[in-house]
Amino acid sequence: MTDKELKDLKDDLWHSADVLRAGAYLAANKYGQPILGLIFLRYADILYKQHKEEIKTEYNRLKGGRMEKSMKEISIEKCGFYLPECAYYDFINDAPDDANKATLVKKAMEAIEDENPKMDGVLPKEVYAQLVPEDAPELLSNIVRIFKDIPENSTIDIFGEIYEFFLGKFALAEGKDGGTFYTPATVVRYMVEVLNPQPGEKKFLDPACGSGGMFVQAARYMHDHNATESEQMKFRCYGVEKEPDTVKLAKMNLLLNNIRGDITQANSFYSDPYNAFGQFDYVMANPPFNVDEVVVEKVSNDIRFSTYGVPRNKSKSTKKKSDKKETVPNANYLWIGYFATALNEHGKAALVMANSASDASGSEYEIRKKMIEEGIISQMVTLPSNMFSSVTLPATLWFFDKQKPNTEKKNEILFIDARNIFTQIDRAHRKFSNEQIKNLGVITKLYHGDTQAFVDLIDEYKTEFENAPESSDNKEVLTKDYWQSQIDWLTERFPDGVYADVIGLCKAAPMDGEDGIIDQDYSLNAGRYVGVVIEDDGLTYEEFKEEMYSLNAEFTTLSAEAKNLEELIANNLKELLGEWYGICEI
């Protein structure tokens, strides 16, 4: 399936959400569960069909012998699960278009969970009864029929892309609420690009995992960088998520992307289901920002948080003992400390955090200073605004590297200001394009001395340039001008093909010296170090002076006109309202 065919398929399938929205008696933020559940049913059906002949052959070969196995045992060996006949998609799709369809879907999901314990409690069995209203009992059948259009030869990768596409669409549709379970895929892809996870027996933690997007993008990155299937199988992810419904979304996401791991329902502040301290090769998350209800005494003796320090209010509380217990002023630095302490001696981490944390004062300042002096913070990136459905202001990406204190880069941090690098989706949302992710990612590679990555990326763009059309009316077709602009963006900023500080984009800031990290009072705000580009307006001094006189004269004239209008409005009101206006004015 080509990229265009996959895009067209996803767009056609999204129509199912419109069908559901038009006729279902279901809250707007509940559309995701039934549709994602049907995607899973279709996935299970197609994957099982693709292995069915192989399963039958193996069953008949072993039948009657000492090594005889059941169809269920062989199915689990061959495709990872067993699909009972009542869960075949055709069985459900071909049934009458009436209210009984909801019962069939529920029974299918119950049977899958009964036969496959690892899926127990994952599927949204109960919601389908709401999709057969009396005035439109055929509604569920219409939606089931839409997903029948997914081709029978679809791979796991295709289903994973469809699932992630729907998660993103639901997040956009739900606005702020959608942000609780979904981090935009292009932001995660950039985080993974910088983190550069290596395959093998690696452990990956996300303590606020939402629907599991961090795990999915990390697995795809390794797949795209030629990790073998056996290496990917050794990669295991461990997620913690507080919301029960979101836990189900995450578990389905892992199954649909063939990722090994566990998702635990818990509150990461008060529960440590994986004994995280010092255990993980990689940690990634987009945790909730600015939480202020975490009880101090529940976290103050937890080594995950106490190692660098627990945020505290500046002065002791004057509340009576009967009042509620002391809470942290802001939990952002609890998350930050948790990420740092969960890493093993070779570990790396990436997290999304509110911009305000970069300059936070008080006890948070002391925590940040300790981490900076230890040398584990490797990179800070300020993101554009409007990249998230739940946050409109720019957020910051923090990167940790436990090996950095043992290198010559211990006493410096790479800062990148990416606020002006984005692709507009619609009026309220932005994303990174594939090329913007690669261009930003190669800055980190150059900083670490990987000049070949820069050469390879330029060569990749040159190849695309040679194969691209001169122009096109189709906005999705990338022309020669587009690819030339990517080459120019890189070569103008790094003409020698090696890392260099670029005003307005990147700066390797040292600890000491003028405008160094200590001089900036341990701020991690990229703007303080990177600076801004001052554009030359091309005017001579005399031309500039004349332009300023002209603007000042225009301002004076407009101010006078505004004053006259103000007096005219006041006089008109007096004439209209008489004495009453005078009383109100007093």
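Each label point was placed 7 Å from the Cα along the Cα-to-Cβ direction; for K10 and D459 their separation is 2.9 nm.
Write down, largest first, the equivalent ellipsoid semi-axes of the stretch 234-307 in whole Å, where each equals the square root of 5 times an eigenvalue of the alpha-carbon gyration tensor.
They are 24, 16, 10 Å, listed from largest to smallest.
In this label model, I425 and Q484 are separated by 3.2 nm, measuring between points 7 Å along each Cα→Cβ vector. Were the residues from D521 through K298 laid out at 0.36 nm apart, the gain over their Cα-Cα distance would be 77.2 nm.
Would you kindly derive the ³J(HN,Hα) couplings of the stretch 272-287 from the backbone phi angles with the Karplus curve 6.51 cos²θ - 1.76 cosθ + 1.60 (θ = phi - 60°), listing them in order in whole Hz, with x for Gly and Pro? 3J(HN,Hα) across the stretch 272-287, in whole Hz: 10, x, 10, 6, 5, 3, x, 9, 10, 7, 9, 9, 9, 5, 10, x.
What fraction, in whole percent, of alpha-carbon pairs in the chain exceed 45 Å separation? Every Cα pair in the chain considered, those over 45 Å come to 31 percent. What the phi angles of the stretch 79-86 give under the Karplus curve with 6.51, -1.76 and 1.60, with θ = phi - 60°, is a coupling list of 10, x, 6, 10, 10, x, 4, 5 Hz, glycine and proline written as x. Summed over qualifying helices (DSSP H, 4 residues or more, each -39500 (n - 2.57)) and divided by its residue number, the chain shows a 222 nm mean residue ellipticity of -15000 deg cm²/dmol. Excluding same-chain neighbours fewer than eight residues apart, the lysines reachable from K438 by a Cα-Cα span under 17 Å are K462. For the pair E77 and S385, what calculated FRET efficiency results from E = 1/(1 + (r/R0)^6), where r is the Cβ-Cβ distance and R0 = 41 Å, to the nearest 0.05? Once rounded, the FRET efficiency stands at 0.25.
With every protein chain in place and a 1.4 angstrom probe, the accessible-area ranking of H51, H346, H223, largest first, reads H346, H223, H51. Relative to the current alpha-carbon distance between S559 and V498, full extension at 0.36 nm per residue lengthens the span by 16.7 nm. Accessible surface comparison of R430, R419, probe 1.4 Å, protein chains only, largest first: the order is R419, R430.
Of the residues R368, R236, R66, the one with the largest accessible area comes first in the ranking R66, R236, R368, computed with a 1.4 Å probe on protein heavy atoms. Residue pairs exceeding 22 angstrom between C-alpha atoms, taken from K4/K445; K369/K507; K125/K431: K4/K445; K125/K431. If you count Lys pairs in the stretch 20-114 whose Cα atoms are under 12 Å apart, skipping same-chain pairs closer than 8 places in sequence, the total is 6. Note on K49 and R61: their simple-model spin labels are 2.4 nm apart, each label 7 Å out from Cα toward Cβ.
Residue separation of E243 and Y365 scaled by 0.36 nm, minus their Cα-Cα distance, works out to 40.8 nm of gained length. Counting only heavy atoms of the protein chains and using a 1.4 Å probe, C86 has close to 50 Å² of accessible surface. Between the amide H of I413 and those of A509, distances stay under 5 Å, these residues lying 5 or more places away or on another chain, with hydrogens modeled in the peptide plane.
The string of couplings for the stretch 202-218 from the Karplus curve (6.51, -1.76, 1.60, θ = phi - 60°) is 10, 10, 10, 10, 10, x, 9, 6, x, 8, x, x, 4, 5, 4, 5, 5 Hz, one whole number per residue in order, with x for Gly and Pro.
Amide H to amide H, with H built 1.01 Å from N, A395 comes under 5 Å of L383, counting only residues 5 or more places away or on other chains.
The values are calculated or read from the model by the stated rules, or taken from the named source; none is laboratory data. Note that the coordinates shown come from a computational prediction; the quantities given were computed from them, not determined experimentally. Don't worry about glycine lacking a Cβ; one is built from the backbone with ideal geometry, like all the others, and counts go over all protein chains shown. Please note that ligands, DNA and RNA were not included when accessible areas were found on the heavy atoms of the full protein model with its side chains. Shrake-Rupley method; radii C 1.70, N 1.55, O 1.52, S 1.80 Å.
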